[in-house]
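Report on the following structure.
The values are calculated or read from the model by the stated rules, or taken from the named source; none is laboratory data. Keep in mind that what you see is a predicted model, and the values were worked out from it rather than measured. Methodologically, a virtual Cβ is constructed for each residue, glycine included, from the backbone with ideal geometry; neighbour enumeration extends over all protein chains shown. In case anyone asks, the SASA skips ligands and DNA or RNA and just uses the protein heavy atoms, side chains included. Shrake-Rupley method; radii C 1.70, N 1.55, O 1.52, S 1.80 Å.
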Amino acid sequence: MALVHKLLNGTYILRKCPKPRVASFPFLGTRFADYCSSSFQKPVAAPGKASSQRKTKGNLEEHHQREVALEITSPEDKPEISFDKAIKEEMKDHFRRLKDDIVKYWIGPEGRPLHEVLMEQAKVVWQFRSKEDLDKWTVTSDKVIGGRSEVFLKMGKNNQSALLYGTLSSEAPQDGESGRSGYCAMVSKIPRGPFEMKRSYDWSQFNTLYLRVRGDGRPWMVNIREDTDIIQKKDQMYSYFMFTRGGPYWQEVKIPFSKFFFSNQGRIRDAQYQLLLDKISSIGFTLADKVDGPFFLEIDFIGVFTDPAHTEEFAYENSPELNPRLFK
């Protein structure tokens, strides 16, 4: 009878013991809610202690609600991504640029009156005064074939020039294919019009390339490419040497277009052709003097001008044996 009496009293205590709500402690789960069923009586806390427990409980609930609010993103806050809208905006931009080109064409070359363009004796094509001017150029080195040369391009002092610098290494890559290495280059990007149509520079009224540079005494190769869509001509270019003096002073370099010699796939050809100045695609600078070590080239601007004292049309001799197509 005594055992039955104890069991009945225990069941009565368990019924009186309130279960904690799961909503109050969602991070503890249902197991904590059933924990009270294993105790016979809930302990009674002191008044001060009970108030601190209530504050702690409120802080926990507030912290949990804040975490839930961070995890769940409202549908109104989600960014709207519409590919159709992006395509429409892109098409509008291209048509706007096409309209500007048509208006400029009716006004004259490059949107200027024809008589003003014909009377022009000098023109700055590239200058370096902002980050946008650097974005018109790209740099490359023999790293693309496994070499160790490094080249970088950044704005110069007071944002008044472009500084091309790096380290040249003539060590050949250990790939079993390349026997030579050691070059760094800076090349202008091909200008693009509306709908990504290629554009070209027309320098037919000028006869000399004009640069203001400051270097470290190394010789550079100036390369000019013609605008062409023929695959067989993609490796053709016209080149000439540029010798820097070194030191802190700027130097003005003038190279007549008649001096540029023709090369294909890096080899100078016996048959030489004259550079077509009305279809210029890009210009570049290459360093490959086989002298390992750091280098730099600072460029203020690149332009073209007409030298009245220069009357030479082509500096290289051709013959029927070297270039029979010119003598047909």
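Within the set Phe296, Phe241, Phe301, the sole residue that is in a strand (DSSP E or B), modelled with pLDDT of 90 or more and under 14 Å from Val222 (Cβ atoms) turns out to be Phe241.
Which of the residues spanning segment 167-211 are under 30 Å from Gly303 (Cα atoms), open to solvent by less than 40 Å² (accessible area, probe 1.4 Å) and polar (S, T, N, Q)? Full working, then the answer.
Going residue by residue through segment 167-211, those that are under 30 Å from Gly303 (Cα atoms) are 167-168, 182-211.
Cutting the leftovers down to open to solvent by less than 40 Å² (accessible area, probe 1.4 Å) gives us 168, 182, 184-186, 188, 191, 193-194, 203, 206-209, 211.
If the condition is that a residue be under 30 Å from Gly303 (Cα atoms), open to solvent by less than 40 Å² (accessible area, probe 1.4 Å) and polar (S, T, N, Q), then Ser188, Asn207, Thr208 are the ones that fit.
Within segment 253-268, the residues that satisfy the criterion of being open to solvent by 80 Å² or more (accessible area, probe 1.4 Å) and among the charged types (D, E, K, R) are Lys254, Arg267.
If I filter segment 269-292 down to residues being of a type in the set (Val, Ile, Thr) and open to solvent by less than 40 Å² (accessible area, probe 1.4 Å), which single residue comes out as farthest from Lys189 (Cα to Cα)?
Taking segment 269-292 as the starting set, the residues that turn out to be of a type in the set (Val, Ile, Thr) are 280, 283, 286, 291.
Then keep just the ones that are open to solvent by less than 40 Å² (accessible area, probe 1.4 Å); that gives 280, 283, 286.
On the way: Ile280: 12, Ile283: 9, Thr286: 15 Å.
Selected residue: Thr286.
Which count do you get for residues in segment 244-276 that are basic (Lys, Arg) and touching a residue at least 40 places away in the same chain (Cβ under 8 Å)? Break it down stepwise before answering.
The initial filter retains those residues of segment 244-276 that are basic (Lys, Arg), namely 245, 254, 259, 267, 269.
Add one more test, that the residue is touching a residue at least 40 places away in the same chain (Cβ under 8 Å), and what stays is 254, 259.
Number satisfying all stated conditions: 2.
Annotation for segment 221-230: no member residue is free of Cβ contacts under 8 Å to residues at least 24 places away in the same chain, farther than 30 Å from His94 by Cβ, outside any strand (DSSP E or B) and more than 26 Å from the chain's Cα centre (by Cα). Residue pairs whose Cβ atoms lie under 9 Å apart, separated by 6 or more positions or on different chains, with the first residue in segment 277-305 and basic (Lys, Arg) and the second crowded, with 20+ Cβ neighbours inside 10 Å and at pLDDT 95 or above, are Lys290/Leu168. With respect to being assigned to a loop (DSSP other than H, G, I, E, B) and open to solvent by less than 70 Å² (accessible area, probe 1.4 Å), Ala309 falls outside the description. If you go through segment 220-252 and pick out every residue that is open to solvent by 50 Å² or more (accessible area, probe 1.4 Å) and more than 16 Å from Phe262 (Cβ to Cβ), you end up with 8.
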